[in-house]
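Participant: My questions will all concern the structure given below.
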Amino acid sequence: MVLTDQHFQWVHEVFVLDTANTFRPVQRNAAPCRGFRNSSAANSGPKIYVATAGPEIRYVGLATTPMGTRLTRGNSSRKSPRNGYHGYQWLTPPPTGTDLTLHVFSFPHLLSEISPTSTSTLSINDLKHLLERIEAEVVYLTRFSTGLWPTCQNEIHFRNLEAESRKLTQQTANQIWSALEVKFTQ
């Protein structure tokens, strides 16, 4: 399977989360909304997400489940820790007057290449490795650009891929970083 720039085209949606109550989105791309309905983030499929609070990058993650499911699981675990897992700490409400924002980058063209059986398309495991590589690159760009790691990032998976995939994942991470529009203060 030869990956191209086309596979790494993404849809970027920006959600402001309700931190006083449910952590459900109340804005999507600056317009009022009720949850993730009718968005790319509502679908199953490959996504990179970045949680920010003002200029603070809190977390960079990957998901293949709908973001609503992801947030519900992370928030309920945060409220009721189990077996040492305390859920998503990046869901902690930010200081008053600061929005908790979730940037979701969905990759619909990568999803179309997944096949559980064919060797000419991506396996689920290959897709996970590509997403982990993009996630790690965005975390690295955070550290490189701000001098700080994302404040709630506790782990990261690094993947050494073949040269062409490395080039595409680095390019994608740079594009995601540029799209974040987070204004940093040092």
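Participant: Please find, within segment 24-44, the residue that is farthest from the chain's Cα centre (by Cα) out of those that are assigned to a loop (DSSP other than H, G, I, E, B) and closer than 13 Å to His103 by Cα.
Facilitator: Going through the qualifying residues, I end up with Ala30.
Participant: Name the residue that is farthest from the chain's Cα centre (by Cα), counting only residues in segment 45-57 that are surrounded by fewer than 22 Cβ atoms within 10 Å (Cβ to Cβ) and closer than 15 Å to Arg143 by Cα.
Facilitator: Pro55
Participant: Please verify whether Gly68 is closer than 17 Å to Phe36 by Cα, modelled with pLDDT of 90 or more and part of a helix (DSSP H, G or I), treating the condition exactly as stated.
Facilitator: yes
Participant: Still on this structure, please answer the following. Can you name the residue in segment 85-116 that is assigned to a helix (DSSP H, G or I) and either closer than 21 Å to Gly74 by Cβ or not aliphatic (A, V, I, L, M) (or both) and, of all such residues, is modelled with the lowest pLDDT?
Facilitator: Within segment 85-116, the match that is modelled with the lowest pLDDT is His109.
Participant: Checking Thr119 against (1) under 27 Å from Asn29 (Cβ atoms); (2) assigned to a loop (DSSP other than H, G, I, E, B); (3) modelled with pLDDT under 85, only one condition comes out false. Which one?
Facilitator: (1)
Participant: Continuing with this model, one more query. How many of the residues making up segment 73-103 are of a type in the set (Ser, Thr, Tyr) and surrounded by fewer than 15 Cβ atoms within 10 Å (Cβ to Cβ)?
Facilitator: Selection size over segment 73-103: 6.
The values are calculated or read from the model by the stated rules, or taken from the named source; none is laboratory data. Keep in mind the model is a prediction, meaning the values are calculated, not measured. Don't worry about glycine lacking a Cβ; one is built from the backbone with ideal geometry, like all the others, and counts go over all protein chains shown.
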